[in-house]
1. Do the conditions hold for A:LEU99, that is, is it out of contact with any His (no Cβ under 7 Å at 6 or more places or on another chain), assigned to a helix (DSSP H, G or I), of a type outside the set (S, T, N, Q) and under 21 Å from A:LEU338 (Cα atoms)?
2. Is at least one residue of segment A:159-179 aliphatic (A, V, I, L, M) and closer than 20 Å to A:LEU265 by Cα?
3. Kindly evaluate A:THR59 against the criterion of being under 22 Å from A:PHE392 (Cβ atoms), within 14 Å of chain B (Cβ to nearest Cβ), at pLDDT below 85 and part of a helix (DSSP H, G or I).
4. Within segment A:180-189, does at least one residue satisfy the condition of being of a type outside the set (Val, Ile, Thr), modelled with pLDDT under 80 and touching an Asp or Glu at 6+ places or on another chain (Cβ under 7 Å)?
5. Restricting to segment A:211-227, give me the number of residues that are over 18 Å from A:VAL72 (Cβ atoms) and more than 14 Å from chain B (Cβ to nearest Cβ).
6. Which residues, taken from segment A:181-207, are part of a helix (DSSP H, G or I), β-branched (Val, Ile, Thr) and closer than 20 Å to A:GLN290 by Cα?
7. Go through the residues of segment A:178-187 one by one and say whether even a single one is farther than 30 Å from B:ILE13 by Cβ and either crowded, with 24+ Cβ neighbours inside 10 Å or within 14 Å of another protein chain (Cβ to nearest Cβ) (or both).
8. Under 8 Å between Cβ atoms, which residue pairs at least 6 apart in sequence (or on different chains) link something in segment A:84-109 that is free of Cβ contacts under 8 Å to residues at least 40 places away in the same chain with a partner that is of a type in the set (Gly, Ala, Ser) and not in a helix (DSSP H, G or I)?
Amino acid sequence: MNALTQSLDFLDYAIVVIYLAGMIAIGLWIARRVKTFESFFVAGRMMTTPLLISTLVSTYYGLDVTFGASEVSFAEGVVSWFAYARPYYLALLITGLVLVRRLKAFPFLSLPDIAEHFYGKGTRVTIALASFLYNLPILSIIGMGILFHITLGLSETQGYLLGATIAVFYTLLGGIWADALTDTVQFVVMCLTLAIAIPFALQIVGGFAWIMANLDAKYFTPMGDISYGYLFALVFTSFSVFVEPALYQRIFGAKDERSVRRALLLGIVLWAAYDWGVTILGIAAAAAVQQNLLPADLEGRQALIQIVLISLPIGLKGFFIAGILSAAMSTVDSYLLLSGGNLVYDIYRPLFRARMTDAALLRWTRIGIVAALIPCLAIAVYFKRITDAWVFMSTVLTATTLIPIMAALFLPGKRRSREGLLSSLFGLGLVLTYYALLTILGREEKDSFVITLSLFSHSWDLWREYSLFFALPFSALGFILGSCLKPRERSDS
Amino acid sequence: MTLWEIGTYLALIILGPGALAVFIFFLRDARKIIRQMERDEE
């Protein structure tokens, strides 16, 4: 038993158990009503604005984002909100204003559907593989393991298994409907628990007056001390929003274009508020350390949960843990569903069983969800530095899909199959080669790998995280090369 | 009152009453969606 486990009361545990039972009940209730693959995968295209807001906001907020943002604000202050989060809001705004209309013009069910429509099966499978890798919800499963370890005293591996089992159970039964409906409950629980926790946490450290008077001025410097180069890299990583599979699935599942556009615009307001709340809790934790309310060697990623657990009374702690669990489970179920869809709908069906019936597709996708869980758990147990895995996964997705998908949707004229295939393979190939070279030839520094290149008495540090700077132009080169080769037209843009 | 405090109060309003409002609108839609699903089932 650790200190946190001992600080929880029976009432707190009861609240968490009631919450978990409720999520499973929703899955069972929905399971009887889901009969077709379209209903299972894109909710029969019936999702309305409030449902879309809830599922978009809660899916994006896994434990990685929640703990990651508070970790940055705990160490550096409001820069967490200004520099790290804002490029994503801009990307979401562009998606809402520009991308949604184009996507709703076609009856697609998934991101690789777009690739096949414009470029053919080869590009579909390449993009589906990159998408599958990205969709594995490794970070959230690890987060749940850590949470169950802290709160229930389980080993982290037992925690992974417990959290993943519950999430997969109701996703398996009801697909996107179970996912979206549980997301709605999870969204409310997440937001309310944060709104309740902030005043308690601020009160315990003496409010803003104490924080402003005693914390280092850097905590309230909007851009902190980050360089323009790093800021540029952050803007680049936000491009992943333009090809985010979960976002695409919700756009395809929306009732109409207007519903999803409104959901995205209102969602940005809620994301910004949630980000700010998490940022403030990280800063409050830093103040609590200065006042010796929390240990001086407190790890940044534990800042949020620790400040809240010393601030909240019995009962509300359980409510808060349910909120944190909500953040994790809403992400795990969404991405497990997408991973299963990638395996069966996007890869297995077009390659091996083109004439699969709807019932078989539904049955096999459920099997695919369980199959996706296996590599996910294996990676979760195997990797030590899991943040690196996330950077790698999102880089692979963006490098492989951004250029061909954006060109398919927005470039005038007819697309050729080789444009998509070469573009996606060039992007994927460069990221894999870059990572392999850096890992073999580079030196280890600041939890990453770097190579220093010297040319004409100048030297440049090439960090592993810079792979996207090279992969996107290389993917564009593949696209241009594909256009120059002998044409094989697929369909209209 | 500083801008940071104003921002925090605003965030509290959005996360509390704002999220509840979204949920209430969802409940209104949920009835329609369930009816539609039941019709599809028949």
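The values are calculated or read from the model by the stated rules, or taken from the named source; none is laboratory data. The structure presented is a predicted model; accordingly, all values stated were derived computationally and were not measured. Positions of Cβ are generated from backbone atoms using ideal geometry, with glycine treated the same way; all protein chains shown enter the neighbour counts.
1. yes
2. No, every residue in segment A:159-179 fails to be aliphatic (A, V, I, L, M) and closer than 20 Å to A:LEU265 by Cα.
3. Answer is no for this residue.
4. no
5. The total comes to 1.
6. Correct list: A:ILE198, A:ILE204.
7. Yes, there is a match, as at least one residue in segment A:178-187 is farther than 30 Å from B:ILE13 by Cβ and either crowded, with 24+ Cβ neighbours inside 10 Å or within 14 Å of another protein chain (Cβ to nearest Cβ) (or both).
8. Sorted first by the residue in segment A:84-109, then by its partner, the list stays empty.
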